[in-house]
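The values are calculated or read from the model by the stated rules, or taken from the named source; none is laboratory data. Treat the numbers as computed from the prediction; the structure is a model and nothing was measured. All Cβ positions, even for glycine, are placed from backbone atoms using ideal geometry, and neighbour counts span all protein chains on display. Ligands, DNA and RNA are excluded from the accessible area calculation, which covers all protein heavy atoms including side chains. Shrake-Rupley method; radii C 1.70, N 1.55, O 1.52, S 1.80 Å.
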Amino acid sequence: MCLAVPARVVRINGQRALVELGGLTREANIILVPSVRLGDYVLLHAGFAIQTLDQAEAEETLELLALMVEEGEERVEA
Amino acid sequence: MRFIDEFRQPALVHALANKIQQWSGPPVQIMEVCGTHTVAIFRHGLRGLLPPQVNLLSGPGCPVCVTPNVEIDKVIALAANPKIILATFGDMMRVPGSYSSLAEAKAKGAHVKVIYSAIEALEMALDNPDKAVVFFGVGFETTAPTTAASILEAERLGLKNFYFLSAHKVVPPAMKALLQSGEVRIDGFICPGHVSTVIGSRPYEFIPRDYGIPCVIAGFEPVDILQAITMILDMRAERRAEVAIQYRRAVRPEGNPSALWAMARVFQVRDAEWRGLGLIPGSGLRLGLGMERFAIEQRFEIKVRPARQAAACRCGEILRGSCAPPGCSLFGTACTPEHPVGPCMVSSEGTCAAWFLYSAGGRIGGASAVEAGAA
């Protein structure tokens with residue numbers, strides 16, 4: 001029940017939005033994410049967007065992890 | 001950036017697994033609180049990547065599993081009333097109550113409708129003005145804001161035939177109850193990712209502060225969970241305890257203010273009974289001040305026979321992390337997904353269901369299953 005999936009907002013009409021995930025489009029209620037904009041990714045849970053996803057944070061997490069991979073490889077080679 | 005595949009990259013998974021494999025400290029037991037984490041750990045085979053000194057325990061974070069029998073008995077009684085349509089999320093349908101389940105009741109003619117979204121319950125009330133629609137609200141803080149939003153909309157529309165029966169619970173008090181019982185040694189928590197998108201990180205701060213235990217809020221992809229484990233291990237190595245957010249793309253320290261506002265407007269906190277953990281103060285939500293008109297108990301009396309538990313079912317201990325599914329004598333024999341005895345086997349996020357589905361009917365191989373059972 002903690003299931004929520006990332007989906008991209010493709011249309012906004014007041015409280016209702018259309019979001020796209022895995023090639024499918026679904027309706028989502030965006031009343032809980034008032035600052036959402038077209039093109040944003042949100043977490044979809046039981047027909048509602050419960051949070052917007054922060055792309056910059058996602059990229060930063062991945063960059064730090066990539067650095068860790070590099071350091072690990074250097075240690076192995078050393 | 002599509003937010004899923006990037007967090008499943010094999011190179012990152014291997015690097016993180018290698019890092020964890022190098023853990024040279026004492027054995028650690030990390031509890032993943034949330035049922036969705038339990039399933040993700042199984043689905044991605046993460047246990048097999050961990051060294052024996054790093055053990056994962058499943059916690060009580062399955063709202064379906066922790067709903068006590070008496071709540072299910074009540075909604076079955078309501079659904080039997082011809083004036084009522086009972087709207088429920090699908091995962092409650094097959095959960096056994098004391099005597100029956102919603103699915104069985106529906107098969108016998110009770111008006112039970114499965115909904116995917118809280119908004120559908122509203123629409124049902126609009127479409128059936130001559131019936132009372134009772135929305136059975138199960139779920140933690142991930143779901144409660146959505147049901148709160150639907151109740152606020154019902155208020156705005158002036159709906160007279162929409163009612164709500166709350167079985168909502170909140171997670172941090174259950175974590176506190178587990179720690180206070182001291183039944184199981186917990187060296188770190190993987191905190192629920194989506195609950196935390198709503199509540200943020202502050203509600204967990206009492207755990208490092210009062211118990212010295214590290215907490216990491218994790219996402220649900222393999223990279224997320226493994227990174228969270230490395231963050232816990234780093235804190236243990238440095239004898240440091242705090243609440244850290246691994247799932248930074250989705251969780252902000254302050255959570256989601258709009259969602260929190262909706263919950264505060266509609267609900268108030270109350271003491272609640274959790275299957276397996278008993279009565280936990282301040283761990284439930286019920287309709288708050290000004291929302292009484294939506295309370296079904298005001299309109300219809302709910303009569304139930306005394307609640308009873310299935311003998312030999314060890315869901316309670318499993319939810320507390322003090323027993324793993326193979327330790328239950330019913331697991332895989334009398335209790336399977338096809339004919340479940342307890343909710344841990346029914347729910348898509350139940351610990352027993354996850355063990356059963358992902359470990360070949362309960363046999364994960366000789367010694368490890370025996371050890372798990374003896375835990």
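Residue count for the range B:288-306 satisfying the condition of being closer than 14 Å to B:Phe164 by Cβ and acidic (Asp, Glu): 2. Number of residues in the range B:55-78 that are aliphatic (A, V, I, L, M) and more than 20 Å from B:Val195 (Cβ to Cβ) equals 6. Taken across the range B:268-279, residues that are touching a Phe, Trp or Tyr at 6+ places or on another chain (Cβ under 9 Å) and either at pLDDT 95 or above or open to solvent by less than 10 Å² (accessible area, probe 1.4 Å) (or both) do not occur at all.
Looking only at residues in the range B:181-216 that are assigned to a helix (DSSP H, G or I) and crowded, with 24+ Cβ neighbours inside 10 Å, the one that is farthest from the other protein chains (Cβ to nearest Cβ) is B:Tyr204.
Just one of the listed residues (B:Ile76, B:Ile30, B:Ile72) is open to solvent by less than 10 Å² (accessible area, probe 1.4 Å) and either assigned to a helix (DSSP H, G or I) or facing chain A (nearest Cβ under 10 Å) (or both), namely B:Ile72.
Consider the range A:1-32 and keep the residues that are within 7 Å of another protein chain (Cβ to nearest Cβ) and not in a strand (DSSP E or B). The one that is surrounded by the most Cβ atoms within 10 Å (Cβ to Cβ) is A:Cys2. Hey, any hits in the range B:104-120 for a residue that's open to solvent by 30 Å² or more (accessible area, probe 1.4 Å), in contact with a helix residue (DSSP H, G or I) (Cβ under 8 Å, 6 or more places away or on another chain) and in a loop (DSSP other than H, G, I, E, B)? Yes, there is a match, as at least one residue in the range B:104-120 is open to solvent by 30 Å² or more (accessible area, probe 1.4 Å), in contact with a helix residue (DSSP H, G or I) (Cβ under 8 Å, 6 or more places away or on another chain) and in a loop (DSSP other than H, G, I, E, B).
Taking the criterion of being without any contact (Cβ under 8 Å) to a residue 40 or more places away in the chain, more than 9 Å from chain A (Cβ to nearest Cβ) and touching a Gly at 6+ places or on another chain (Cβ under 7 Å), the residues of the range B:217-251 that qualify are B:Ile217, B:Ala241. Restricting attention to the range B:38-52, does a residue exist that is at the interface with another protein chain (Cβ under 8 Å from one of its Cβ atoms) and touching a residue at least 60 places away in the same chain (Cβ under 8 Å)? No, the conditions are met nowhere in the range B:38-52.
A single member of B:Leu178, B:Leu159, B:Leu152 is within 14 Å of chain A (Cβ to nearest Cβ), touching a residue at least 24 places away in the same chain (Cβ under 8 Å) and outside any strand (DSSP E or B), and it is B:Leu152. Residues that are within 10 Å of chain A (Cβ to nearest Cβ) and crowded, with 17+ Cβ neighbours inside 10 Å within the range B:14-27 comprise B:Ala15, B:Leu16, B:Lys19, listed in sequence order.
Could you tell me whether any residue of the range A:43-53 is open to solvent by 80 Å² or more (accessible area, probe 1.4 Å) and either assigned to a helix (DSSP H, G or I) or closer than 20 Å to A:Leu21 by Cα (or both)? No, the range A:43-53 contains no residue that is open to solvent by 80 Å² or more (accessible area, probe 1.4 Å) and either assigned to a helix (DSSP H, G or I) or closer than 20 Å to A:Leu21 by Cα (or both). Residues of the range A:33-42 that are surrounded by fewer than 23 Cβ atoms within 10 Å (Cβ to Cβ) and either more than 9 Å from chain B (Cβ to nearest Cβ) or of a type in the set (A, V, I, L, M, F, W, C) (or both): A:Val33, A:Val36, A:Arg37, A:Leu38, A:Gly39, A:Asp40.
Taking A:Thr61, is it crowded, with 17+ Cβ neighbours inside 10 Å, of a type in the set (S, T, N, Q) and within 30 Å of B:Gln22 (Cβ to Cβ)? Yes, satisfied. Summed over the range B:33-54, the residues that are open to solvent by 40 Å² or more (accessible area, probe 1.4 Å) and closer than 24 Å to B:Val195 by Cβ give a count of 3. In summary, B:Ala334 fulfils each of the numbered conditions (1) open to solvent by 40 Å² or more (accessible area, probe 1.4 Å); (2) touching a Ser or Thr at 6+ places or on another chain (Cβ under 6 Å); (3) among the aliphatic types (A, V, I, L, M) with the single exception of condition (2).
Confirm whether B:Val304 is part of a strand (DSSP E or B) and either open to solvent by 10 Å² or more (accessible area, probe 1.4 Å) or modelled with pLDDT under 95 (or both). It is false that B:Val304 is part of a strand (DSSP E or B) and either open to solvent by 10 Å² or more (accessible area, probe 1.4 Å) or modelled with pLDDT under 95 (or both).
Remark: B:Asp224 matches the filter, which requires a residue to be among the acidic types (Asp, Glu), buried (at least 24 other Cβ atoms within 10 Å of the Cβ) and under 25 Å from B:Leu260 (Cβ atoms).
Remark: B:Asp91 matches the filter, which requires a residue to be open to solvent by 10 Å² or more (accessible area, probe 1.4 Å) and under 16 Å from the mean Cα position of the chain (by Cα). As a summary of the residue check, B:Gln9 satisfies the conditions (1) without any contact (Cβ under 8 Å) to a residue 40 or more places away in the chain; (2) within 11 Å of chain A (Cβ to nearest Cβ) except for the one numbered (1). Cβ-Cβ contacts under 9 Å between residues 6 or more apart (or on different chains), taken from a first residue in the range B:297-324 that is over 18 Å from B:Glu273 (Cα atoms) to a second residue that is in a loop (DSSP other than H, G, I, E, B) and small (Gly, Ala, Ser), are listed as B:Ala312/B:Ser329; B:Ala312/B:Ala334; B:Ser322/B:Ala375; B:Cys323/B:Ala375; B:Ala324/B:Ala375.
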